[in-house]
Amino acid sequence: MDIGSLKEKLFILNNLALSGELFSVRYFIGESELQRHYSDLDYHHFTKSIVSNYAIELAVKLRNAAEMLQERGISYVNDKNIMCYGAGQHAFSKKKERDLFWVCNKIIHAKIFRIDTVGSRKYKGNFKWWGGDLTLAGTLMGKKQTPWEFFFSIQSWCESAIIFINSCEASLCSINEQSEDRATYS
């Protein structure tokens, strides 16, 4: 597991969420007569592609890292510090704090993955950008397949992931080294 790659992707996701407004204003996203270089569709498509691909890859790798640590009895930080808000007709509650791996599991199993765009009246025109909120929806496994839907801030998720990685980075590096040694001498 390349920990540097995980941190890099978390950094990119966080920056993408934080820079959306500036990018939108600079390239007139939402103002079709004035747009330069990127159309509304380009911005939305590229942003959703990056966010969904990185979030899914990170969710799988983070969950895998936690499983490797659990197998070895190594503890790590997984606080309930991601505020999730119920959304749509299948909202699970108004708001609830969830932990990193609860959200990872929802990212992995989501059937709907939506980046939520925002705007501001402080600008003339119809500028829109991704402000960092993701809406996920899916169904619980089981006989009834109960639907669920909620949204959360990708920044909170990224921060929680960094806290997790920092809490166990040395252990993960050790596990990686042992795995590489076994592969080399097998």
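Each value in this text was obtained by applying a stated rule to the coordinates, not by laboratory testing. Please read all numbers here as calculations on a predicted model, not as lab measurements. Heads up, the Cβs are rebuilt from the backbone with ideal geometry, glycines too, and the neighbour counts pull from every protein chain shown.
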State the number of residues belonging to region 41-55 that are in contact (Cβ under 8 Å) with a residue 12 or more places away in the chain and either exposed (fewer than 12 other Cβ atoms within 10 Å of the Cβ) or among the small types (Gly, Ala, Ser) (or both).
2
Long-range neighbours under 8 Å by Cβ, at least six apart or interchain, first residue part of a loop (DSSP other than H, G, I, E, B) within region 60-85, second of a type in the set (Phe, Trp, Tyr):
Tyr76/Phe164; Val77/Phe164; Asn78/Phe101; Asn78/Phe164
Please verify whether Ala65 is under 18 Å from Phe151 (Cα atoms) and of a type outside the set (S, T, N, Q), treating the condition exactly as stated.
no
In this structure, does Gln145 turn out to be within 10 Å of the chain's Cα centre (by Cα) and of a type outside the set (Asp, Glu)?
no
Among the strands (runs of 3 or more DSSP E) confined wholly to region 93-158, which include 2 or more residues that are touching a helix residue (DSSP H, G or I) at 6+ places or on another chain (Cβ under 6 Å)?
112-118, 129-139
Single match in Lys106, Lys128, Lys122 (criterion: farther than 27 Å from Asn166 by Cα and either surrounded by fewer than 14 Cβ atoms within 10 Å (Cβ to Cβ) or touching a Leu at 6+ places or on another chain (Cβ under 7 Å) (or both)):
Lys122
Filter region 20-47 down to the residues that are touching a strand residue (DSSP E or B) at 6+ places or on another chain (Cβ under 9 Å) and part of a helix (DSSP H, G or I) and list them by number.
Gly20, Glu21, Leu22, Phe23, Ser24, Val25, Tyr43, His44, Thr47
